[in-house]
Amino acid sequence: MLDKQLVYDVLTAALATGGDLAEIFMENTVKDNITLTNGLVEKANWGVDYGLGLRIITGTNAVYAYTNNTSRPSLMRLATDAAQAVKASIKGEINIKGVITLDRSERLKYADTIVIPPEKVAKTDIVERLRAASAASMAYDPLVTQTSNGYASVTQDVFIANSNGLWAEDRRVRTRVLVQAVAGDGNEKQTGYEAPGAKVGYELMDAINIEALGTKAARVAVTMLKADYAPSGKMPVIVDNAFGGVIFHEACAHSLEATGVAKGASVFTGKLGEKIAADCVTAIDDGTLTGEWGSLNIDDEGGKIRRTTLIENGVLKSYLVDYLNGLKMGMPSTGSGRRESYRFAPTSRMTNTYILNGNSTTEEIIANTEHGLYAAQMGGGSVQPASGEFNFAVLEGYMIRDGKIAEPVRGATLIGKGHEVLMDIDMVGNNFAAAQGMCGSISGAVPTNVGQPMVRVKEMIVGGRK
Amino acid sequence: MTFESFKAEIFARAQAKGFTDYELFQSGGTSFSVRVFDGEIQEYKNAASEGIGFRGTYNGKMGYAASELMALEVIDQMLDNAAANATIIEDETVEILYPGDASYSEVNAYNPALDEVDAGQKITWALEMEAYAKSLDPRVKMADFCTVTNSNAAMSIANSHGLDLTRKSNVAMAYVIARVEENGVMKSGQAWWAGRDFADFDYKKIADDAVKKALSYLGATSIESCEVPIVFDNETTRDFFGVFTSIFMAENGQKGFSLLNKDKLGETIAAPHVTLRDDGICTDSLGSMAFDAEGVATQQKAIIENGVLTSLLYNLKSAAKDGVKSTGNAAKQGHGGAITTSTTNFYLQPSDKSFDDLLAGIERGVLITEMAGLHSGANAVSGDFSFSAEGFLIENGKLIQPLEQITVAGNFYELLKNIDAVGNDLRFRSMGGGGMGMPSIKVNGLKISGM
């Protein structure tokens, strides 16, 4: 994206007053979005995000600057200003590197195999398919009053270079659809939604059955509309697979990010090798999975992507580490340095983060639960990594009575402390599935997969209205 | 390439490609922030950005395209995509480009002196704020996200109907999260300042507030589920209204995504002492603006007056659908987004009751000072919510015990009717053009869940 001489000059200027590593992250991202409301196209948008972020690391601290103007004068000014900030931030002896190298032999160039690139897709075809989802929702039940259906494609071209000689380019293509149904009966409205996505092109549309998704979203909305409010208090909770993995994502994996661990602001700081979860819990973060929503070829600081075992049979094996926090912790990067865009400095983030299959069947888990809540589908949530306190919403819930799934309940929120809940998982099923989300943190919103089989937590606080 | 030359070129080509009218929107600005940790600069950020959004009428429908790269080579790509987008639009209500109002209010949202403050000075303040926070109590483990920031933003709209408007604003902020530890349990308290003049900035006060708050949460427990009177402090009240602003937007009612619509105007939807306002110009807020994202002059208006729904929030399109005038509440997400609706300065009219007045007379109740899960625990369509919360147990008008691991659940529409009292401690938070401010409120009929 930039010529070698300019990259060299910018990196050199960035390190002119000291600093250990200078890094350029440049991107050109094309985004396409279409939204249908009640089966009619309401919004269609196309746009280019373009800019360059410059990071200078000195010791374990960072200076970050970005701009959309990538002309030579603009970038040189950016680098010179940033170097002044470096000067101000260094205490003690200043070590000026002087010579940097961009002559590492390999020039990394990545791109996924995309069957149908987004720019080759006729917008009318997208509309037709989204309309089919809407029609399926509407046909499910007269109680379905509204639908919202969306398509989004992102083609992100990135260029990452640093003063250690890294020179890498990557093209990331992602496609996602949103299928949402609202059921209403006068004063009450409930929603159901499905939002599959993958790191692929338009071929995603052939891999999913969009009408079935429309039907499913409608079924959840109608079921929840007819449901009574969830109870409140402590009880056993069974969380089903796929987006149920948000429990682990929020309750545990955020607290394993080096961002919090490095400064001691995580409940899991200093717990490597210790037992932090029940024996039946093994969890991984795997960015190498082909075509998965959270996968990457390289991370956003050029790091190698890998599969990291986070927890093995309850024992903490690894954190999620980016380069800078790795320096603070004395640990190598796990390829977890991610950012939403050039506007953010990277930090440790998840990719595809899963609890792996256990030994129980779903039938056993339900049959072994006398009374509790069954969360068939989860909504989103959040966590305070310092205390481990999390919350998340149950999108589709049912009571469990005498070992059987009973009446639907709505409006439940699950809260708890991650480190406590991990210990309280007492059954892990064998029906693993993954689901897609956008995960927000200090380096912006990045695509991540959550996933797990059905999991039972011995006891959790359910915040309902009854 | 300058905005003016880019505009001239894209307008000429738009006309040649068959667009009947067109508009160019530009937003940009610079931002600075410094975050310190353990006496060192942990992150120093300096940024400049701009983006342009084009929209134009093609075959009678509006098409959009956007770019952060302002260069000749993207113009045709933008126009071709805008035309293709217009072609698939099926919404029957025509989106209108606005020629402008006769006059606009004078707004002074920019203080040049703010941009003059030296980076070194801001670094020093951040370091002092951290050191001071840590010095306040031995239980303070860290002052996290200790940040001083300032930014300025500019926005321009020009269209083929002669609209040509520009606005500019700047703001500074500082915040810190104090994390305190006792008996192996860590608790956090956050405090912030926002202003347009660093002379009003007192890092000691922010640090004091954050540490005090964090310490007050030590020893927190959960409580048995119950239904008691609840007081939300001004920050959590703002969180609440922030989550549910979408219900007041006419476009959501028109699409069936809100239970409020023009047929509900004149109905009592809240308790009699509830007056909810949206004012484009508001001296207490940093977010005043003379015009909205379509170039319509902003207004001062009541949404709810003494409990009665008096107005919804409109942009040009939703107003045309209801046969009324725009209330100047058009918004755009970034430079490239489609026109939507947003609040300007949105606030609950304060009363003369102090915070202590709200607590007084509560035999047993709960004060909520922190809420989490706002984006996931709310159903903006039905108004149902269930949020994770922290706060204090109230007995006989006094705070007697910090609480954690509780949820507060209810329905926003019902909450409006169950607001028993409104306080006087209105505090605005600026939110990137516009602001939101709420006083503390006392509410009945909500469910607290705990152990």
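Computed values, structure above
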{"read-out": "Residues satisfying the stated conditions in the range B:63-76, i.e. free of Cβ contacts under 8 Å to residues at least 12 places away in the same chain and either more than 7 Å from chain A (Cβ to nearest Cβ) or not hydrophobic (A, V, I, L, M, F, W, C) (or both)", "value": "B:E73"}
{"read-out": "Lone qualifier among B:E43, B:E92 - being assigned to a loop (DSSP other than H, G, I, E, B) and facing chain A (nearest Cβ under 10 Å)", "value": "B:E92"}
{"read-out": "Every residue from the range A:308-347 that is in contact with a Pro (Cβ under 7 Å, 6 or more places away or on another chain), within 30 Å of B:L69 (Cβ to Cβ) and in contact (Cβ under 8 Å) with a residue 60 or more places away in the chain", "value": "A:D322, A:R338, A:R339"}
{"read-out": "Wholly enclosed helices (runs of 4 or more DSSP H) of the range B:191-268 bearing at least 1 residues farther than 28 Å from B:A143 by Cβ", "value": "B:234-244, B:250-254"}
{"read-out": "Some residue of the range A:296-307 being within 30 Å of B:N183 (Cα to Cα) and either surrounded by 24 or more Cβ atoms within 10 Å (Cβ to Cβ) or free of Cβ contacts under 8 Å to residues at least 24 places away in the same chain (or both)", "value": "no"}
{"read-out": "Pairs where the first residue, in the range A:187-214, is more than 14 Å from chain B (Cβ to nearest Cβ) and the second is among the basic types (K, R) and assigned to a helix (DSSP H, G or I), C-beta under 7 Å, 6+ apart", "value": "A:E194/A:K216; A:M205/A:R129; A:I210/A:R129"}
{"read-out": "Subset of the range B:391-408 (residues that are touching a strand residue (DSSP E or B) at 6+ places or on another chain (Cβ under 7 Å) and more than 8 Å from every other protein chain (Cβ to nearest Cβ))", "value": "B:G391, B:F392, B:L393, B:I394, B:E395, B:L399, B:I400, B:Q401, B:P402, B:L403"}
{"read-out": "Residues of the range B:167-181 that turn out to be under 16 Å from the mean Cα position of the chain (by Cα) and not polar (S, T, N, Q), as a count", "value": "3"}
{"read-out": "The listed residue being surrounded by fewer than 20 Cβ atoms within 10 Å (Cβ to Cβ), more than 10 Å from chain A (Cβ to nearest Cβ), among the small types (G, A, S) and not in a loop (DSSP other than H, G, I, E, B), out of B:A48, B:A8", "value": "B:A8"}
{"read-out": "Subset of the range A:225-249 (residues that are more than 9 Å from chain B (Cβ to nearest Cβ) and among the charged types (D, E, K, R))", "value": "A:K226, A:D228, A:D240"}
{"read-out": "Filter pass, B:N411 being surrounded by fewer than 24 Cβ atoms within 10 Å (Cβ to Cβ) and within 14 Å of chain A (Cβ to nearest Cβ)", "value": "yes"}
{"read-out": "Residue satisfying all of: in the range A:227-274; at pLDDT 95 or above and charged (D, E, K, R); nearest to A:K189 (Cα to Cα) among these", "value": "A:D240"}
{"read-out": "Selection from the range B:418-451 of residues that are more than 18 Å from B:S386 (Cα to Cα) and of a type in the set (D, E, K, R)", "value": "B:D420, B:D425, B:R427, B:R429"}
{"read-out": "Single residue of the range B:115-151 satisfying the filter (assigned to a strand (DSSP E or B), of a type in the set (S, T, N, Q) and within 14 Å of chain A (Cβ to nearest Cβ)) that is surrounded by the most Cβ atoms within 10 Å (Cβ to Cβ)", "value": "B:T147"}
{"read-out": "Residues (in contact with a Lys or Arg (Cβ under 8 Å, 6 or more places away or on another chain), without any contact (Cβ under 8 Å) to a residue 60 or more places away in the chain and aliphatic (A, V, I, L, M)) located in the range B:384-416", "value": "B:A409"}
{"read-out": "Close pairs from the range A:119-133: first at the interface with another protein chain (Cβ under 10 Å from one of its Cβ atoms), partner surrounded by fewer than 19 Cβ atoms within 10 Å (Cβ to Cβ) and of a type in the set (D, E, K, R), Cβ under 9 Å, at least 6 apart", "value": "A:V127/B:E90"}
{"read-out": "Test for B:T310: is it in the same structural domain as B:S258 (by TED's automatic domain parsing) and surrounded by 22 or more Cβ atoms within 10 Å (Cβ to Cβ)", "value": "no"}
{"read-out": "Options B:G56, B:G60: the member that is surrounded by fewer than 24 Cβ atoms within 10 Å (Cβ to Cβ), more than 7 Å from every other protein chain (Cβ to nearest Cβ) and over 30 Å from A:V63 (Cβ atoms)", "value": "B:G60"}
{"read-out": "Residues that are free of Cβ contacts under 8 Å to residues at least 24 places away in the same chain and either of a type in the set (S, T, Y) or under 14 Å from A:I238 (Cβ atoms) (or both), drawn from the range A:364-408", "value": "A:A406"}
{"read-out": "Among (1) out of contact with any Lys or Arg (no Cβ under 7 Å at 6 or more places or on another chain); (2) crowded, with 18+ Cβ neighbours inside 10 Å - the single one A:E203 does not satisfy", "value": "(2)"}
{"read-out": "Test set (1) modelled with pLDDT of 95 or more; (2) buried (at least 24 other Cβ atoms within 10 Å of the Cβ); (3) out of contact with any His (no Cβ under 7 Å at 6 or more places or on another chain) - A:E364 fails condition number", "value": "(2)"}
{"read-out": "Residue check for A:R129: at pLDDT 95 or above and either of a type outside the set (S, T, N, Q) or assigned by TED's automatic domain parsing to the domain that holds A:Y323 (or both)", "value": "yes"}
{"read-out": "Residues that are in contact with a Leu (Cβ under 8 Å, 6 or more places away or on another chain), closer than 30 Å to B:G56 by Cβ, small (G, A, S) and surrounded by fewer than 19 Cβ atoms within 10 Å (Cβ to Cβ), drawn from the range B:158-211", "value": "B:S160"}
{"read-out": "The range A:16-57, residues that are surrounded by fewer than 24 Cβ atoms within 10 Å (Cβ to Cβ) and farther than 25 Å from A:V173 by Cα", "value": "A:A16, A:T17, A:G18, A:D20, A:L21, A:T37, A:N38, A:G39, A:L40, A:I57"}
{"read-out": "Verdict on B:K255 being without any contact (Cβ under 8 Å) to a residue 12 or more places away in the chain, outside the structural domain of B:M155 (by TED's automatic domain parsing) and farther than 17 Å from B:R167 by Cβ", "value": "yes"}
{"read-out": "Listing of strands (runs of 3 or more DSSP E) fully contained in the range A:371-466 that carry 1 or more residues being away from every other protein chain (no Cβ under 12 Å)", "value": "A:371-384, A:389-401, A:404-410, A:425-428, A:433-441, A:444-452, A:455-463"}
{"read-out": "Strands (runs of 3 or more DSSP E) lying entirely in the range A:183-296 (those with 2 or more residues that are within 20 Å of A:G388 (Cβ to Cβ))", "value": "A:233-239, A:283-286"}
{"read-out": "Residue count, the range A:418-443 (criterion: under 12 Å from the mean Cα position of the chain (by Cα) and surrounded by fewer than 17 Cβ atoms within 10 Å (Cβ to Cβ))", "value": "2"}
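The values are calculated or read from the model by the stated rules, or taken from the named source; none is laboratory data. This is a predicted model, so every value here is computed, not measured. Positions of Cβ are generated from backbone atoms using ideal geometry, with glycine treated the same way; all protein chains shown enter the neighbour counts.
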